[in-house]
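Read the structure below first, then the notes.
The values are calculated or read from the model by the stated rules, or taken from the named source; none is laboratory data. Owing to the predicted nature of the structure, the values given are computational and were not obtained by experimental measurement. A quick note on method: Cβ atoms are made from the backbone with ideal geometry, for glycine too, and the neighbour counts reach across all protein chains shown. In case anyone asks, the SASA skips ligands and DNA or RNA and just uses the protein heavy atoms, side chains included. Shrake-Rupley method; radii C 1.70, N 1.55, O 1.52, S 1.80 Å.
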Amino acid sequence: MKSAAHIAALALALASPAMAQTVAPPAAPPVYPPYGRSVTLAEAKVAVAAAQAAAVKNGWIMVITVVEPNGALVLSEKMDGAQYGSNDVARRKAETSASFRRPTLYFQDAVRGGTLNAIFTGALAIEGGELLIIDNRIVGAIGASGGSGAQDGVVARAGAAALAK
């Protein structure tokens, strides 16, 4: 049995600054524009074409999906030879971006930083989902899947950039 002095010494050691962990306050979430109208099919085709061009340029085979701000599907294209699982992943990346008004990279970084709340919300925490913004309003989102998360992000950002006005 440990004496009271031993217990007190242990408590003091654990409470010392050397043993204390400092936790940085959580960063404020980024501010994104409000929702606007829904992306049109013509705009979705422009975004997907730009995203596919980036994929082809880099030799990547992808599925690219565009959704409205509410997550409703507008357009999804599977490049020849793309893996079947990428259909659902590209759609979920686009839905996550649209639903939470931020790129999926935000959630990936949060999980890597130890914040698991991101995945408990239903967000897909893998890079490759980007917002489609026109006239400083979110009109939808684009998701890409088929490569690494970083490759998917390059492709999705290329599609989003084609519509940025």
Restricting to segment 31-53, name every residue that is part of a loop (DSSP other than H, G, I, E, B) and open to solvent by less than 40 Å² (accessible area, probe 1.4 Å). Pro33, Gly36, Val39
Can you name every one of the helices (runs of 4 or more DSSP H) wholly within segment 67-163 that holds 2 or more residues which are modelled with pLDDT of 95 or more and under 20 Å from Val46 (Cβ atoms)? 85-100, 149-163
Sort out which residues of segment 67-86 are more than 15 Å from the chain's Cα centre (by Cα) and surrounded by fewer than 17 Cβ atoms within 10 Å (Cβ to Cβ), and write them in order of number. Asn70, Ala72, Leu73, Met79, Asp80, Gly81, Gln83, Tyr84, Gly85
Take the residues of segment 100-127 that are small (Gly, Ala, Ser) and surrounded by fewer than 19 Cβ atoms within 10 Å (Cβ to Cβ): which is nearest to Ser38 (Cα to Cα)? Gly122
Tally of residues being open to solvent by less than 20 Å² (accessible area, probe 1.4 Å), closer than 16 Å to Thr96 by Cβ and out of contact with any strand residue (DSSP E or B) (no Cβ under 6 Å at 6 or more places or on another chain) across segment 128-165: 1
